[in-house]
Amino acid sequence: MSITVEPRRRAAPGSVAAAYAELLAGVLHVDEVPNDSHFFDDLGADSLVMAQFCARVRKRGNLPSVSMKDVYAHPTISALAAAVADRASPPPTQTHKPAEPPEPTTALEHFTCGALQALFYLVYSYLGVLALTEGYDWMVAGSEGSAQYLRLILFTSAGFLVVCAVPIAAKWLLIGRWRPRQIRIWSLGYVRFWIVKTLIRSNPGIYLFVGSPLYGLYLRSLGARVGSGAVILSRDIPVCTDLLTIGAGTVIRRETSFQCYRAHAGRIEIGPVTIGENAFVGEMAVLDINTAIGDGAQLGHNSALLSGQSIPAGARWHGSPARRTDTNYLRVPAAPSGRLRRARAAAITLIGIVFVWAPLLELGVGVLFAEVSSLVRAWAPSAQTSAGVVTARGLLIEAMAFSAVLFFGGAILGLLAVATVPRLLRRFIKPDTVYPLYGFHHAVHRVIAALSRVKFLGLLFGDSSYIVHYLRWLGWRLTPVVQTGSNFGCEVGTSNPFLTFVGTGTMISDGINMIPDEVSSTSFRVSQAVIGPNNFVGNYVNYPAGGRTGSNCLLAIKVLVPLDGEIREGVGLLGSPAFEIPRSVERDSRFDHLQTGDARRRGLAAKNRFNLRTMGIFLLTRWVGVLLVVLIDLTALEMFRDVFAHAVMALLFALSALVAALYYAAVEGCFEKLGPPPPAISSIYDARFWWVERVWKLHPIHFFALFDGTPFKTLLWRMIGVRMGRRVFDDGAYISEPTLTAIGDECVLNHRCIVQCDSQEDGTYKSGPTTIGAGCTLGVSSFVHYGVTMDEGSSLSADAFLMKGEEVPSGARWAGNPAREL
């Protein structure tokens, strides 16, 4: 019996399919592409190759454009051509509609703005030192015993209330009421905006209020309209509060962004955000300016409303940009939780902060320093002169001892606390049981959630074999682990580790946020959140209880995990809302032989040794940074005897923050230069990748927040290795691979946007340079992957995910997850 093989069909000459085939053949470096060959299964292409193909289609100009979503949905030339046949083909001479031109700025404005910001910081430090020292002398100094503790309570409570009141006063004095408008970046108007924004975001008091009824009251004092019973869990504090409306009974989940401003094309654009009554906003959602959510409406996790979008009353939307859905994100029934309960919770929170935690913290630090100082002086008599004045050598010894006890002692106590306290408290919360908010069970839940999200320890153990043991120490339910040395990244979080399950063979990147808890405006409950075996989870994924994924899935970056439909298995999920893509491609499997047998054992042992040294370097460099700050602050306290004591103290306190940022930037910059460049593609058992992990751990982004929105931020990025243009505005960006990143003149980087020039999938590491041209804008919480080129004047909307290899034409505006041209 003979077998007849049907020849591969070719596209008709001159057709759209023929043009697509020609372009794809050029990208793949082959002679021809058959009309019915599967892009991934037959041709061995991957998302990077297909992104280059999409870019060539756009550059041709006379062809219907295609997006990555089109490619995955129609993975053959014939299917793709048929799917886009009804799209209007632009004429060959068409050009992209230019975006709004950037607001011009000058070097003089840039310099003047920086000088005024530095001056404000010094003046604010001086006033703080003056109030602190004079207030302490007046209220506490000279008292002893119980009288000292009572006076300390009075002093700390008054200080706490003043700290909370300063941003409110500054907002009303400098701004009055926020109104929709535009402010040119680096102008004098921008300096006023920055002062208010900085005071609000740097106020420690407001973060203690998040999740309690006090938060709504605080936002009202800043001008926001917040209804009774609104539950706000997001620590992303809004700034232009007069334009914020949150209805009664509304729930806003963790890390949701509703700033009421954005930066775009050289301007700060201020606009309203309106959320109706009894609405629901999911985890890590983004609400751009000029957006609205109607009464009883829902916006899902990992979703975004772009400027001009509004959700009708009672509707459910999700995705980025959001669209209609039948998925219900508010699944927990209501429970009795009246005004008296909320008032009692607010009072207990305030009393606990003012009269317990703040005095104990100040008293504890004071006692600790006194004990360390007395021991140092007893062991080293030369630490002070006969007149009792501490010498320079004595200051150094005291700073080393105090910083070591504070840093290493705090780390050890933290490690013990995160394992013991939640285990003692877990018995008070039963899974799948509905509890009212603001009661005993809710307080227990908040303590467990807070201790389960300690970032320092995750950063210490992450990207190594030891993160598995740390997560089990916390209480995570990990089935028999296939140890790879990179099972989890550094950013791992859950609200209940005892209900967080991860299957065997699963690898998870940075930014995983497990969501075992469900919250309404009156109730909460906790349930199992389960990621199946042999999964790979990309960056910044929110995985809720009830997620409909099973075994052998790939969850791409910022994917919206489905909560309904069939269980997805053996597929990849990409986008928000998610759609299916191939689980893996040939390019990703070339190092599989290193992940089994003796090769894996040898590679893992060598990686463990390298990672241990990295953890040691991390602890040492972080401690030295604390030492520098403590040394400068102790010197400032010693200067209190001088004539210009307050001015000198203020200068030194301000200097300590600057020195810390410069030191940590210099540390990463040195290790960037010492290590090899990131490999384009390698196994996780390649020593070059271990250097990449080392630099990730040493990244000083948390010490840069003070400089957001100032000219000094770009100087710090340049120290690390970013090729940063002139007058770049950075309102809180994260850049993972500085040496692979180039950002042009007068770009705008919004709050929480990410430029990540690498990825690590299923044991394979990949990287590539990303270039962002002059005058580009990256929206709030947008994500730019590796191998990307954004041409001059282009922009990326809020919450967009620009996939690897994409090319954004000059002046184009892209949005969505995955991003495509508007």
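Before we move on, is residue 180 in contact with a Leu (Cβ under 9 Å, 6 or more places away or on another chain) and in contact (Cβ under 8 Å) with a residue 24 or more places away in the chain?
yes
Can you tell me which residue in segment 228-241 is nearest to residue 164 (Cα to Cα), limited to those that are of a type outside the set (A, V, I, L, M, F, W, C) and either more than 22 Å from the chain's Cα centre (by Cα) or not in a loop (DSSP other than H, G, I, E, B) (or both)? Here the residue is 241. Close contacts from segment 473-489, counting a first residue that is farther than 20 Å from residue 511 by Cβ and open to solvent by less than 10 Å² (accessible area, probe 1.4 Å) and a second that is modelled with pLDDT under 90 and part of a loop (DSSP other than H, G, I, E, B), with Cβ to Cβ under 7 Å and a gap of 6+ residues or different chains, come to none at all. On inspection, residue 686 does not qualify as within 26 Å of residue 779 (Cα to Cα) and among the charged types (D, E, K, R). When you go through 343, 378, 358 one by one, which is the residue that is without any contact (Cβ under 8 Å) to a residue 12 or more places away in the chain, closer than 30 Å to residue 152 by Cα and hydrophobic (A, V, I, L, M, F, W, C)? None of the others qualify; the one that does is 378. Candidates in segment 16-45 are the residues that are surrounded by fewer than 19 Cβ atoms within 10 Å (Cβ to Cβ), part of a loop (DSSP other than H, G, I, E, B) and touching a helix residue (DSSP H, G or I) at 6+ places or on another chain (Cβ under 7 Å); of these, the one that is modelled with the lowest pLDDT is 44.
If you go through segment 524-544 and keep only what is open to solvent by less than 10 Å² (accessible area, probe 1.4 Å) and touching a helix residue (DSSP H, G or I) at 6+ places or on another chain (Cβ under 9 Å), you end up with 524, 526, 529.
Among the residues of segment 697-715, just one is touching a Phe, Trp or Tyr at 6+ places or on another chain (Cβ under 7 Å), of a type in the set (A, V, I, L, M, F, W, C) and open to solvent by less than 10 Å² (accessible area, probe 1.4 Å), namely 698. All of (1) open to solvent by less than 20 Å² (accessible area, probe 1.4 Å); (2) modelled with pLDDT of 95 or more hold for residue 312 with one exception: (1).
Are there any strands (runs of 3 or more DSSP E) wholly within segment 729-822 with 2 or more residues that are open to solvent by 10 Å² or more (accessible area, probe 1.4 Å), and if so which?
Correct list: 758-761.
For segment 597-612, taking the residues that are open to solvent by 30 Å² or more (accessible area, probe 1.4 Å) and charged (D, E, K, R), the one that is farthest from residue 693 (Cα to Cα) is identified as 598. Looking across segment 128-145 at every residue that is at pLDDT 75 or above and surrounded by fewer than 13 Cβ atoms within 10 Å (Cβ to Cβ), the one that is farthest from residue 650 (Cα to Cα) is identified as 138. Restricting attention to segment 157-176, the residues that are open to solvent by less than 20 Å² (accessible area, probe 1.4 Å) and among the hydrophobic types (A, V, I, L, M, F, W, C) total 2.
The conditions of being open to solvent by 80 Å² or more (accessible area, probe 1.4 Å), in a helix (DSSP H, G or I) and of a type in the set (Lys, Arg) are not met by residue 179. Scanning for something touching a helix residue (DSSP H, G or I) at 6+ places or on another chain (Cβ under 9 Å), in a loop (DSSP other than H, G, I, E, B) and more than 26 Å from residue 783 (Cα to Cα), does segment 552-570 turn up at least one residue? No, segment 552-570 has no match at all.
Regarding residue 817, is this residue closer than 19 Å to residue 262 by Cβ and at pLDDT below 95? The answer is yes for residue 817. Please pick out the residue among 459, 478, 471 that is over 23 Å from residue 347 (Cα atoms), touching a Cys at 6+ places or on another chain (Cβ under 9 Å) and aliphatic (A, V, I, L, M). On inspection, the qualifying residue turns out to be 459.
Given the criteria open to solvent by less than 10 Å² (accessible area, probe 1.4 Å), under 25 Å from residue 549 (Cα atoms) and either of a type in the set (D, E, K, R) or in contact with a helix residue (DSSP H, G or I) (Cβ under 6 Å, 6 or more places away or on another chain) (or both), does residue 452 qualify?
Taking the combined requirement at face value, the residue satisfies it.
The residue that is nearest to residue 718 (Cα to Cα), among those in segment 653-696 that are touching a strand residue (DSSP E or B) at 6+ places or on another chain (Cβ under 8 Å) and either open to solvent by 50 Å² or more (accessible area, probe 1.4 Å) or part of a helix (DSSP H, G or I) (or both), is 692.
One residue stands out among those in segment 52-69 that are more than 16 Å from residue 801 (Cβ to Cβ) and assigned to a helix (DSSP H, G or I): the one that is most open to solvent (accessible area, probe 1.4 Å), which is 59.
Might you check whether a residue that is under 16 Å from residue 761 (Cβ atoms) and either within 22 Å of the chain's Cα centre (by Cα) or aromatic (Phe, Trp, Tyr) (or both) occurs anywhere in segment 466-479? Scanning segment 466-479, I find no residue that is under 16 Å from residue 761 (Cβ atoms) and either within 22 Å of the chain's Cα centre (by Cα) or aromatic (Phe, Trp, Tyr) (or both), so the answer is no.
Filtered by the rule that a residue be in contact (Cβ under 8 Å) with a residue 24 or more places away in the chain, open to solvent by less than 10 Å² (accessible area, probe 1.4 Å) and not β-branched (Val, Ile, Thr), segment 288-298 gives no residues.
The single residue among 615, 639 that is at pLDDT 90 or above and either open to solvent by less than 50 Å² (accessible area, probe 1.4 Å) or within 24 Å of residue 393 (Cα to Cα) (or both) turns out to be 615. Kindly indicate whether residue 111 is part of a helix (DSSP H, G or I), open to solvent by 80 Å² or more (accessible area, probe 1.4 Å), farther than 26 Å from residue 635 by Cα and not hydroxyl-bearing (Ser, Thr, Tyr). It is true that residue 111 is part of a helix (DSSP H, G or I), open to solvent by 80 Å² or more (accessible area, probe 1.4 Å), farther than 26 Å from residue 635 by Cα and not hydroxyl-bearing (Ser, Thr, Tyr). Restricting attention to segment 267-283, the residues being open to solvent by 10 Å² or more (accessible area, probe 1.4 Å) and modelled with pLDDT under 95 number 1. Selection over segment 784-802 of residues that are of a type in the set (A, V, I, L, M, F, W, C) and more than 20 Å from residue 301 (Cβ to Cβ) gives a count of 5. Once segment 315-326 is narrowed to residues that are open to solvent by 50 Å² or more (accessible area, probe 1.4 Å) and without any contact (Cβ under 8 Å) to a residue 24 or more places away in the chain, the residue that is nearest to residue 797 (Cα to Cα) is 324. Take residue 525 and tell me if it is in contact (Cβ under 8 Å) with a residue 12 or more places away in the chain and either closer than 21 Å to residue 325 by Cα or not in a loop (DSSP other than H, G, I, E, B) (or both). Yes.
The values are calculated or read from the model by the stated rules, or taken from the named source; none is laboratory data. Just so we're clear, the structure is a prediction, and the values are computed from it rather than from any experiment. Because the Cβ atoms are built from the backbone with ideal geometry, glycine has one as well, and the counts that use them run over all protein chains shown. Please note that ligands, DNA and RNA were not included when accessible areas were found on the heavy atoms of the full protein model with its side chains. Shrake-Rupley method; radii C 1.70, N 1.55, O 1.52, S 1.80 Å.
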